[in-house]
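Asks: My questions all concern the structure below.
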Amino acid sequence: MIICEFKKLSTLIILVIGTLHILLASPIRMPADSTPVSTHQQAIAYLDSLQKLDSSMHWPNVDPDLFLQNLRTFATEPLKFYEGKGTNFCAYSALTYIPLNYDPLGFSRFMISLYQNGKARLGKVVFKPGLPVRKAAGIIKYKGALDISPAGQIWFLSLADHFKGYLNFFNRGFDKGDENTLWASTNFAKFNRMLRKLFNLKVHARGSDIVRPWVGDTYNYLNDIAGERPVFLFLNNRLLYKKKHKVVTRFGIPTHFVLLMNVFKTEDDKITIIYWDYGKKTLQQVSPRLLRKIIFGITDYSFKKK
Amino acid sequence: MNRHIYYTAFFISWILMASCSHSKKFAKNYYNENEKTLLSIRDRFKILFDKNPFSLELIDKEVSRISMEIHTDSIKYIYTFRTDEPFLYDTLQKYQFNLKAMGELIKDMQKARCTWITNLDYYEKLEKKYLVFISVRDKNLNGFLRSEKYFTLAFFDRPQPFDEKERLLDREDLKKNRLINDGIFRRISDSVCYALTSKYR
């Protein structure tokens, strides 16, 4: 009897696992709950409770007062978060939208812990940045507002130090100035992996580093998925800022990550996109053809049920 | 055989030296010829920018299409126009720009072959400052098999430190070159410097 039931049970388990596997692989999305885990006020209250930070031996060039002031700004004005002029930090900046909007308190706690202990855990990742990165944080210069954001520098450098993709293969160790080089760059698969590992998200990614996503009408697809929450786009930035000085066209590859906040059509059949990058929202009108041409990756996400 | 190698090396280094001196010569000549226009563009841009922060780009070779970035506190609007279409002036009016001053600025930019003008922010002792950044595209800098190059100019509000090779220095650390858009800039005057770069913005 018991053996008989065991046999049935094992068959049942195999069936359930098989069905779940098929369900997870199918495009049906998990139910989402986008209610923030914590509020900006909670983050500010936590940062105020610290009053003052001591200098950290782990981050010798980071001023603790400025660091704390940066964290306050992140909590109160998350959309002003800035990746710096000419750096390859756009992917890290785009994904920072998630913690700053859904769990600012958790992010503040993580940053404080990283500053004080030189290591900290976020999601499934334990960050323990190497010495070259820790020495560089706080002294990256000529990058606009990133110059006065040591907290931003710590976050970007820690992410780039920890996560590696094929683009980082030939430049894995940090050297001075590597914020502008392949050391800091991010390919599409790496970006999606970071989202999954850091924020416990269910990530729905379409596209690649070379081939555009097969989504039928790009506008309709974006309009469908961008209704509930912003969507990450992997773009060819050179085409977005169109410039026709030379007749020769360059090989079109995506190099820039942005967060698409809204998309809608206007009467003249133009498409208006509102996206977030470089610490600001941008509104721009593009033709349906250009929209299809510039987008190489689309990443939508939903929250896993706990 | 050795003689051939020697001649080839000599020829290549001569071409390299000639192209470097050509670029330097171009920078000096261009600035001298257009100094008045450039300074006037800078001054008018600053006045217009103070009222409505914006950046302006001439997109095509014929400098007849412009792209305009209008910055508000919360959002940046990017528009593209042909200079002869009415939407341009409708939009400028909507944002309460001085139409006459904007028209003159665009004309002068076309005349001086300016591709891009913006106000770049930079920081000194945690204090935010601005410099006017202008890029120029000239056919003398570009040619067959040559990569695209721009003559970029930075206009500071006050005199800047330079080293003995006339390279712009960091005011906070006089041993370091101060980079703008990751480029080393060279002196034209105490508060104006230039670089030849592959990026125009």
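Asks: Accessible area lost on pairing A with B, both sides, 1.4 Å probe, Å² to nearest 100?
Replies: 2700
Asks: Per q in 0.24 Å⁻¹, report the Debye log10 I(q)/I(0) for the stretch B:132-201, using one uniform scatterer on each alpha carbon and no solvent.
Replies: Each listed q maps to, in turn, -1.02.
Asks: Can you pull the percent of Cα pairs in chain B with separation above 25 Å?
Replies: 44
Asks: Right, next: For a label point 7 angstrom out from the Cα of B:Asp90 toward its Cβ, which stretches of the stretch A:252-274 have the backbone nitrogen within less than 19 Å?
Replies: Residues A:265-273 qualify, since their backbone N sits under 19 Å from the label point.
Asks: With a 1.4 Å probe and every protein chain left in place, work out the accessible area per residue of the protein assembly as shown in Å², rounded to a whole number.
Replies: Using a 1.4 Å probe on heavy atoms only, each residue of the protein assembly as shown averages 53 Å².
Asks: Which whole-number percent gives the relative contact order of the stretch A:27-155, counting Cα pairs below 8 Å spaced six or more residues apart?
Replies: Here the relative contact order equals 32 percent.
Asks: By the gyration tensor of its Cα atoms, with a ≥ b ≥ c the square roots of the eigenvalues, what is the shape of the stretch B:63-169: rounded for a/c under 1.5, prolate for a/b over b/c, or oblate?
Replies: oblate
Asks: Please compute, for peptide A:273-286, the average count of beta-carbon atoms on other protein chains lying within 10 Å of each residue's beta-carbon.
Replies: Rounded to a whole number, the mean comes out at 3.
Asks: Determine the share of the protein assembly as shown's accessible area contributed by carbon and sulfur atoms, expressed in whole percent, with a 1.4 angstrom probe.
Replies: 56
Asks: Still on this structure, I have one more. Mean separation of Cα pairs under 8 Å and 6+ residues apart, divided by the residue count of chain B: what relative contact order is that in percent?
Replies: This gives 14 percent for chain B.
Asks: Per q in 0.07, 0.08 Å⁻¹, report the Debye log10 I(q)/I(0) for the protein assembly as shown, using one uniform scatterer on each alpha carbon and no solvent.
Replies: -0.46, -0.59
Asks: Which links in B:Lys107/B:Lys165; A:Lys164/A:Lys202; A:Lys143/B:Lys76; A:Lys143/B:Lys25 stretch past 26 Å when you go from one Cα to the other?
Replies: Pairs exceeding the cut-off: B:Lys107/B:Lys165; A:Lys143/B:Lys25.
Asks: Between their Cα atoms, which of B:Lys61/B:Lys176; A:Lys141/A:Lys190; A:Lys265/B:Lys94; A:Lys80/B:Lys100 are more than 29 Å away from each other?
Replies: From the list (B:Lys61/B:Lys176; A:Lys141/A:Lys190; A:Lys265/B:Lys94; A:Lys80/B:Lys100), the Cα-Cα distance tops 29 Å for B:Lys61/B:Lys176; A:Lys80/B:Lys100.
The values are calculated or read from the model by the stated rules, or taken from the named source; none is laboratory data. Quick caveat: nothing in here was measured; it's all calculated off a predicted structure. Backbone-built Cβ (ideal geometry, glycine too); neighbour counts: all protein chains shown. These accessible areas exclude ligands, DNA and RNA; they are computed on the full protein's heavy atoms, side chains included. Shrake-Rupley method; radii C 1.70, N 1.55, O 1.52, S 1.80 Å.
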